[in-house]
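Since every read-out is calculated from the coordinates, none of them should be taken as a lab result. Since the model is a prediction, treat every value here as computed from it, not as a measurement. Note that each Cβ is placed from the backbone with ideal geometry, even for glycine, and that neighbours are counted across all protein chains shown.
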């Protein structure tokens, strides 16, 4: 039995410790916002926050997250940065197919938490591990800038 703290709520799961966090979130806890992309931590679709740091949930075993705060896309709007990013994403019509966007938003939120007024280089670096097959990179970039401006540079 492992106790997980997800989006401010405690959950107890009875799974092997090597079970990937992704499948625990999706299959056990019913949080389907975190997506499976590559299964190797390369595409970013499965990105969640672990104590505020973006991690790839497809390669993170649940034994490594016990006692830490996990935030998923379902809980992103509960925080100021997440709400600002979601509003910017909608205003600029960022998603095309939308499959990668949960991971994109989670990485963008971690970026703005660390760099409230990110430079173009900081955005490119922070988002480089998130792939978008539809190629909405310029809209993602613009939405991050819009959210940062809406927050007034104050994460």
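At 10 °C and 1.306 mPa s, what whole-number value in µm²/s does Stokes-Einstein give for the translational diffusion of the range 2-75, with Rh from the Kirkwood sum over Cα pairs? Write down the numbers at each step before the final one.
Numbers: Rh = 11.8 Å.
Reported coefficient: 135 µm²/s.
Give me the angle, in degrees from 0 to 90, between the Cα long axis of helix 137-150 and the longest principal axis of the Cα atoms of the chain, rounded to the nearest 10.
Between helix and principal axis, roughly 80 degrees.
What number, rounded to the nearest 500 deg cm²/dmol, is the helix-based mean residue ellipticity at 222 nm of the chain, given -39500 (n - 2.57) per DSSP H run of at least four residues and division by all its residues?
Numbers: 5 runs with 52 residues, N = 155.
Rounded to the nearest 500, it is -10000 deg cm²/dmol.
I need the shape label for the range 35-97. Rule: rounded when a/c is under 1.5, else prolate if a/b > b/c, else oblate, with a, b, c from the alpha carbon gyration tensor.
Numbers: a/c = 3.37, a/b = 1.40, b/c = 2.40.
Taking the square roots of the gyration eigenvalues as a ≥ b ≥ c, the range 35-97 is oblate.
Going by alpha carbons, how many degrees (0 to 90, nearest 10) lie between the helix axis of 80-91 and the longest principal axis of the chain?
Rounded to the nearest ten degrees, it is 60.
What is the Cα centroid distance between the range 1-66 and the range 77-155, reported in whole angstrom?
Centre-to-centre distance over Cα atoms comes out at 21 Å.
With label points built 7 Å along Cα→Cβ from the Cα atoms of residue 38 and residue 145, find their separation and express it in nm.
Distance between label points: 2.7 nm.
In a solvent-free Debye calculation with one equal scatterer on each Cα, what is log10 I(q)/I(0) for the range 77-150 at q = 0.16, 0.21 Å⁻¹, listed in the order of the q values?
-0.45, -0.82
Which label marks the calculated value of Kirkwood radius over Cα pairs in Å, given the options [x] 18.5; [y] 15.5; [z] 17.4?
Here Kirkwood radius over Cα pairs in Å agrees with entry [y].
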